[in-house]
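Worksheet: one structure, shown below.
The values are calculated or read from the model by the stated rules, or taken from the named source; none is laboratory data. Predicted model, so just to flag it, every value in this text is computed and none were measured. Cβ: placed from backbone, ideal geometry, glycine included. Neighbour counts: every protein chain shown.
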Amino acid sequence: MSNQTDYTPDEWKTITAAPIMAGLLVTVSDLSGPIGTAKEAYAVVKGVTDAAARSNNDLIKAIAEGINKQGGKPELPQTPHDQAGARAALIEGCRQAVAIVAQRSPAEVDEFKEWLSSLAQKTAEASKEGGFLGIGGTPVSDAENSALKELAAALGKSAKA
């Protein structure tokens, strides 16, 4: 099992940004208003916190503990301000993180991919899209589903239906 010392500082920065980028990808794909966005942000941070407490994977634990020490705000790369550009940059950041883990610790890459995907899924499910005052709406919007599928493809996984 790998940990921070197995990676360069730049690689570690990329890896620790990936969980937040996976959740942020869903958030920017379909902006949910201030309450929905807050729920989605909370879902990512809770998913990271849960991983620190529950995961048996040393790499995921180290990443999650590092993010928690930073108050849930690892250093993220600059992303474009337009939605399409931001989505592309966030997906690419996740893809780069997976490539680094695959190169340095191939035995952990599948679990790392699954963790990123599950964080994105939890983010998508955190707030209903559409509806009025929480009534109606859908659990996961078409735009969020599209983002989940794009992320899955970039990670070399199949998306959940």
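Residues in the stretch 1-27 that are in contact with a Leu (Cβ under 7 Å, 6 or more places away or on another chain) and closer than 20 Å to Glu111 by Cβ: Met1, Ser2, Asn3, Ala17, Ala18, Pro19, Ile20, Met21, Ala22, Gly23, Leu25. Are any of the residues in the stretch 42-54 under 19 Å from Leu155 (Cα atoms), of a type in the set (Ser, Thr, Tyr) and in a helix (DSSP H, G or I)? The answer is no, given that none of the residues of the stretch 42-54 is under 19 Å from Leu155 (Cα atoms), of a type in the set (Ser, Thr, Tyr) and in a helix (DSSP H, G or I). Loosely packed, with under 15 Cβ neighbours inside 10 Å, among the acidic types (Asp, Glu) and either in contact with a helix residue (DSSP H, G or I) (Cβ under 7 Å, 6 or more places away or on another chain) or modelled with pLDDT under 95 (or both) - does that describe any residue in the stretch 31-52? For the stretch 31-52, residues loosely packed, with under 15 Cβ neighbours inside 10 Å, among the acidic types (Asp, Glu) and either in contact with a helix residue (DSSP H, G or I) (Cβ under 7 Å, 6 or more places away or on another chain) or modelled with pLDDT under 95 (or both): present.
Scan Lys73, Lys122 and give me the residue that is touching a residue at least 24 places away in the same chain (Cβ under 8 Å) and not in a helix (DSSP H, G or I). Spell out the reasoning first.
Details: Lys122 fails: not in a helix (DSSP H, G or I).
Residue meeting the stated conditions: Lys73.
The number of residues in the stretch 100-128 being farther than 20 Å from Glu11 by Cα, crowded, with 20+ Cβ neighbours inside 10 Å and out of contact with any Leu (no Cβ under 7 Å at 6 or more places or on another chain) comes to 4.
Would you mind stating whether Val26 is crowded, with 21+ Cβ neighbours inside 10 Å and in a helix (DSSP H, G or I)?
Details: crowded, with 21+ Cβ neighbours inside 10 Å: yes; in a helix (DSSP H, G or I): yes.
Here the answer is yes, as Val26 does meet what is asked.
Applying a threshold of 6 Å to beta carbon distances and a minimum spacing of six or more residues, or different chains, the list of pairs starting in the stretch 78-99 at a residue that is part of a helix (DSSP H, G or I) and surrounded by fewer than 19 Cβ atoms within 10 Å (Cβ to Cβ) and ending at one that is hydroxyl-bearing (Ser, Thr, Tyr) and at pLDDT 95 or above reads Gln96/Thr14. When the stretch 1-40 is filtered for residues that are farther than 18 Å from Val98 by Cα and either free of Cβ contacts under 8 Å to residues at least 24 places away in the same chain or in contact with a strand residue (DSSP E or B) (Cβ under 8 Å, 6 or more places away or on another chain) (or both), the ones remaining, listed by number, are Asp30, Leu31, Ser32, Gly33, Pro34, Gly36, Ala38.
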